[in-house]
1. Report the calculated FRET efficiency for residue 336 and residue 152 (r = Cβ-Cβ distance, R0 = 60 Å), to the nearest 0.05.
2. Compute a Gaussian network model of the chain, connecting alpha carbons closer than 10 Å, and tell me which residue from 355, 306, 386 fluctuates the most.
3. Ratio of Rg to Rh for the stretch 4-50, alpha carbon only, Kirkwood?
4. Of the options 320, 310, 351, report the single residue whose Cα projects farthest towards the positive end of the charge dipole of the stretch 294-375 (beta-carbon charges: Lys, Arg +1; Asp, Glu -1).
5. For the chain, what D do you get in µm² per second when you plug the Kirkwood radius from alpha-carbon pairs into Stokes-Einstein at 37 °C and 0.692 mPa s?
6. Could you work out, for the stretch 127-266, what percent of all Cα-Cα pairs fall into each 10 Å distance bin, beginning at 0 Å and stopping at the bin that holds the largest distance?
7. In Å, the Kirkwood hydrodynamic radius of the stretch 103-151 over pairs of distinct alpha carbons?
8. When 230, 296 are ordered from fewest to most other Cβ atoms inside 10 Å of their Cβ, what list results?
Amino acid sequence: MSETAKIILEGKEYELPVITGSEGEKAIDISNLRGLSGYITMDEGYKNTGSTLSAVTFLDGELGILRHRGYSIEDLADNCTFLEVAYLLLKGELPTESELADFEHKITEHTLVNEGLEGMFKAFPTGSHPMGQLSSMISALSLFYPKSLNPHRDEDAISRTIIRLIAKMPTICAMIYKKRNGHPIVFPNNYLDYVTNYLNMTFGQVTDPNYTPDPVIVNAMNKLLILHADHEQNCSASTVRMVGSSQSNLYSSISAGINALWGPLHGGANQEVLEMLEHIKNDGGDVTKWINKAKDKNDPFRLMGFGHRVYKNFDPRAKIIKKACDEVLEKLGVNDPVLEIAKKLEEVALSDPYFVDRKLFPNVDFYSGIIYRALGFPTDFFTILFALGRLPGWISQWQEMRLEKQPIARPRQIYTGQAPREFVPMEKR
Ligand code: ACO
């Protein structure tokens, strides 16, 4: 007989099924508990709640393992292009040479955006945050493709929407960058690979058709995008699935994911890391003072880029990115006082019992911000790069939710408000 769990409530015993994942992870299936007993389970922030079965990504936070479709993040980051990993996430298998060529070709056919989308920049106030612009523009794409709105209409339309999103995202991200600088937009060049094309649209100029990014930078960007490609049921992926579960269209689900990612406790941390490092530098560079502030329970300050909800020993992505970070800084000959602060902070925090006891280690955002800065991206643009990398993961999670016909996501609550009371007319309040 398969394993079950027993729960005793008010003297009555309930037997609940146990689900075992392909890596041996266990879950008690409580979906019928309320129907049987009237009880729900409570878990604020879903710290111990599985929201879905998923075959996309496996991670073990204790052992620092991250795998996409069974392949380790280390192997993928060392051997693949970002589009290869995107294909793997979306289709479940690594592409053959011809499958990859076909996928890349399809993407190049959709890299341009409708000219009407450019008009949106007139409405955005000067200096408005790139993430707000990105989520608005991705949401606006749904208005340009009304035939793709119904997620159950036809599979060809869905496939086209997926390709469109992956193709247009770098173009839109680069447009946001150019517009903030008041520079003319550089159009996509379909003879360049995905990452070089994105760098060309961002750092190239219409006056310089020969701009060629340094291969070290292309390689680092490729790795950064791969490392961000998916991370199972994190806040933004869960948001994408949740919005999608109402059968809202893919553009609006991705736009919601971008908004969830923007927060400083999630993807927005990479911006916060650099702002924190600059703040510490401008304050005189006393790292110990800021470590003590982070440890003080009465001080709201947190060391941004440290800690993770699921990784409790190390973040495998941080390990890979730290190496790429060192390579990029050496190659570019960067000599930045902010980086010195980062190194000191890392050193002190890693040996401080407060951080060691709580298993607080530098996460991917700690190092990615440092590389993005060295590559010349403005601080408030860092989370855009995270979104660009995370897009195939969000789409894969959405696709899985749709194909598995998952029900609309709708958690329960325990009400703690007022008991029923008599209405008080205005004159008696
Ligand atoms: N600085 C100082 N103390 C911290 C930090 C930090 N960065 N992170 C956690 N702690 C402490 C908490 O105060 C708590 O201490 P206590 O047990 O004495 O009360 C303990 O460590 C556990 O922290 P929680 O907040 O309960 O852990 P949770 O899993 O809810 O939060 C999170 C994880 C949000 C990532 C948190 O570590 C944090 O705020 N880090 C800084 C922001 C950041 O870098 N976010 C990026 C995450 S990675 C990503 O999204 C790609």
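1. That gives a FRET efficiency of 0.75.
2. Result: 355 has the largest fluctuation of those listed.
3. A ratio of 0.99.
4. 310
5. Here the translational diffusion coefficient equals 139 µm²/s.
6. For the stretch 127-266, the binned pair fractions read 11, 35, 37, 16, 2 percent.
7. Here the Kirkwood hydrodynamic radius works out to 12.5 Å.
8. By the 10 Å Cβ count, ascending: 296, 230.
Each reported figure results from applying straightforward, stated rules to the coordinates on display, with no laboratory input. Not measured: the values here are computed from a predicted model. Backbone-built Cβ (ideal geometry, glycine too); neighbour counts: all protein chains shown.
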